[in-house]
There are 2 protein chains.
Amino acid sequence: MDTHLLRTFVAVARHGSFTAAATELGYTQSAVSQHVAALETDLRTPLLRRRPVALTDAGARLLEHAEPLLLRLAAARADVTRLVAAPAEHLVVGASALALGGGLAGALAAVRSRRPLVSPTVRVLERTEIAARVADGTLDLGLVDGVAAPTDPLPLPDVGPLSAVAVAQAPLAVLLPPGHPLEGRRGLRLADLADARWIDAPEAAMPLDRLRAASGSDGFRPSLRYEGTDVRGLIALALAGHGLALLPEPALDGVAAGVPVPRLVHRVELLHGGLTDGPAALLAAALTG
Amino acid sequence: MDTHLLRTFVAVARHGSFTAAATELGYTQSAVSQHVAALETDLRTPLLRRRPVALTDAGARLLEHAEPLLLRLAAARADVTRLVAAPAEHLVVGASALALGGGLAGALAAVRSRRPLVSPTVRVLERTEIAARVADGTLDLGLVDGVAAPTDPLPLPDVGPLSAVAVAQAPLAVLLPPGHPLEGRRGLRLADLADARWIDAPEAAMPLDRLRAASGSDGFRPSLRYEGTDVRGLIALALAGHGLALLPEPALDGVAAGVPVPRLVHRVELLHGGLTDGPAALLAAALTG
DNA sequence: GACTTGTCATCAGTGATACTTATGTGGCGT
DNA sequence: ACGCCACATAAGTATCACTGATGACAAGTC
């Protein structure tokens, strides 16, 4: 079970094609075929069905392991080289959509004034992607938002030793349509709303599966799916009665009133993998200080 | 950064010797030397100081990544082969010391009566070791205990997709020496006791760092360290005033009275990596059913 | 201080093996 | 039925991952 074999296996599984994987990796089709065959004889079980190429059960299981494994391998390399190499004079920040608000603009301005030569990049990514890209060095810093108990850290995919610091924290509010029976309630436990219908807006609000994890319930069934990062659109849909939405209170922005949710907060955390003293450290200081 | 290179690097770091690592791995010393050199040129930084052999900073960092990486690799192999191979007719259960109580004896008896031929092994291990050994297939089942909020799962080191099921849950109690100012209190939040002096008994009770994580405080300073799994000894020390101890209430066993701690429970969870239908599945059914 | 000893680095040689090129084979569409 | 596409297999080669031998260096011994 060599890393190279796993890498080509993952490529084949992703492309659904031996030849496509071969061209991606710079191999011949023959080599890819041999790699997969070697893995299969090593594990004594077929991993792929051919013609058409599809994962077997064992293959699917292996893929579940292989992808994070390769990610962690890349993270290890990035972490060690980060120790050695001089801090780069560029700055790439990844942020989930709802994490953009908390002072990033101001902090970036502070960096630019002190280091006019660096031209920062801000990249909006899915929450799951950010930790991975910070770990493997593609991003210098990450800003992720999420819902958690006030004392708990945000649950993050474990991709190696990353440091996380809270940079902003706000109460949560459920956005109810006008006339909803619960309107005007003072406190609303999230579990009480597990049976309600929700708008599933994984980019603009909290993904519903995260709510289930945070509340320990398995409700939160979606009535409408909203694909996009624009919060205003989500608010409009929620007010029109298409479903409930859970948002940080500041995001409501006076446009609408929400019912506060106790015991849970919306938090933005800064992710980094060991700061040296490049522009990334400056930005981190501006964000946290 | 091949897996073989990482493996020999880890072996060298553990043994503090190239030759010892070579004999362990069945290589010549020359090969080990070349492996380490290859890693160092690949990462463009020395990983080990020689004569005496010691880790550099970069080497220590790499080791932090390499060990879990190799563990996950073994876990992946075990997980896939478990899918394929026939369920073995043996049964190895790992358990942390405080997890032994909850019905394991009875459940084992149930298994033995139905499968008289299997001779089970019970192995008492440190909490951190159990998840790793279940993942890589050394253990068929694991029983770990820990402290968490009633709705939260126990925090486990992430070694791949493992299933965890609660098998026993008990309230927690702080064991105070007689005459302690807080004696007789009804409820006691753990954070209130962060400044007190504690007995650090990582094998017999909860390790203090776990308490810090569970309570979100950084107190819980140790006044005495207790190495051993015998709870009676720990109770005697706590009653003699050497420090506080946090134990599941049943463990006090009438010997002593403790002050209950709300919002946190002691829980024993059963760990397995996908059950087939061997004796392990029988035992799991007996424990959870 | 020379000698011995133990340990890691280096070199040259060789056997394994990881690739390529070329060819075989089976399903699928026309 | 036929060709076409995609994966499997075979044969050949070039690389490189090992071994064994030797060198270099530090520490301990007399």
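Of the residues A:Val134, A:Val165, the single one that is at negative phi and either open to solvent by 30 Å² or more (accessible area, probe 1.4 Å) or outside any helix (DSSP H, G or I) (or both) is A:Val165. Answer yes if at least one residue in segment A:19-31 is within 14 Å of chain B (Cβ to nearest Cβ) and touching a His at 6+ places or on another chain (Cβ under 8 Å), and no otherwise. No, there is no match, as no residue in segment A:19-31 is within 14 Å of chain B (Cβ to nearest Cβ) and touching a His at 6+ places or on another chain (Cβ under 8 Å). Scanning segment B:1-38 for residues that are touching a strand residue (DSSP E or B) at 6+ places or on another chain (Cβ under 8 Å), assigned to a helix (DSSP H, G or I) and near DNA strand C (Cβ under 10 Å from one of its atoms) yields B:Val12, B:Val36.
The rows are residues; the columns are (1) in contact with a Pro (Cβ under 9 Å, 6 or more places away or on another chain); (2) surrounded by fewer than 16 Cβ atoms within 10 Å (Cβ to Cβ).
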residue: B:Asp2; (1), (2): no, yes
residue: B:Thr8; (1), (2): no, no
residue: B:Ala11; (1), (2): no, no
residue: B:Gly16; (1), (2): yes, yes
residue: B:Thr19; (1), (2): no, yes
residue: B:Gln29; (1), (2): no, yes
residue: B:Val36; (1), (2): no, no
residue: B:Glu40; (1), (2): yes, no
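Does A:Arg49 satisfy being basic (Lys, Arg) and within 16 Å of DNA strand D (Cβ to nearest atom)? Judged against the criteria, A:Arg49 is a match.
When B:Ala107 is tested against (1) outside any loop (DSSP other than H, G, I, E, B); (2) at pLDDT below 85; (3) over 20 Å from B:Ala204 (Cβ atoms), exactly one condition is not met: (2). Return the residue satisfying two criteria in turn: it lies in segment B:12-36 and is under 13 Å from B:Gly59 (Cβ atoms) and of a type outside the set (Val, Ile, Thr), and of such residues it is nearest to DNA strand D (Cβ to nearest atom). Only one residue tops the list, namely B:Gly16. Do we have any residue at all in segment B:197-214 that's over 18 Å from B:Leu98 (Cβ atoms) and part of a strand (DSSP E or B)? The answer is yes; a qualifying residue exists. The residues of segment A:52-73 that are more than 21 Å from B:Val84 (Cβ to Cβ) and more than 9 Å from every other protein chain (Cβ to nearest Cβ), listed by number, are A:Pro52, A:Leu70, A:Leu71. On inspection, A:Glu129 fails the criterion of being farther than 30 Å from B:His4 by Cα and open to solvent by 30 Å² or more (accessible area, probe 1.4 Å). Looking only at residues of segment A:34-46 that are in contact with a Leu (Cβ under 6 Å, 6 or more places away or on another chain) and within 11 Å of chain B (Cβ to nearest Cβ), we find that the one that is nearest to A:Glu129 (Cα to Cα) is A:Leu39. For segment B:241-274, filtering for residues that are within 22 Å of B:Asp195 (Cα to Cα), of a type in the set (Gly, Ala, Ser) and modelled with pLDDT under 85 leaves 3. Of all the residues in segment B:39-70, those that are more than 28 Å from A:Ala78 (Cβ to Cβ) and in contact with a strand residue (DSSP E or B) (Cβ under 7 Å, 6 or more places away or on another chain) number 0. One residue stands out in segment A:39-57 among those that are without any contact (Cβ under 8 Å) to a residue 24 or more places away in the chain and part of a helix (DSSP H, G or I): the one that is nearest to DNA strand C (Cβ to nearest atom), namely A:Thr41.
In this structure, B:Ala107 does not satisfy being within 14 Å of chain A (Cβ to nearest Cβ) and open to solvent by less than 30 Å² (accessible area, probe 1.4 Å).
For segment B:193-240, filtering for residues that are surrounded by fewer than 18 Cβ atoms within 10 Å (Cβ to Cβ), in contact with a His (Cβ under 7 Å, 6 or more places away or on another chain) and at pLDDT 85 or above leaves 1. Looking across segment A:256-281, the residues that are of a type in the set (A, V, I, L, M), surrounded by fewer than 21 Cβ atoms within 10 Å (Cβ to Cβ) and under 17 Å from A:Val92 (Cβ atoms) come down to A:Leu275, A:Ala281.
Give the number of residues within segment B:58-104 that are open to solvent by less than 30 Å² (accessible area, probe 1.4 Å) and not in a helix (DSSP H, G or I). Result for segment B:58-104: 6.
The values are calculated or read from the model by the stated rules, or taken from the named source; none is laboratory data. What you are looking at is a predicted structure, and each value in this text was computed from that prediction instead of being measured. Positions of Cβ are generated from backbone atoms using ideal geometry, with glycine treated the same way; all protein chains shown enter the neighbour counts. Heavy atoms of the whole protein, side chains included, go into the accessibility calculation; ligands, DNA and RNA do not. Shrake-Rupley method; radii C 1.70, N 1.55, O 1.52, S 1.80 Å.
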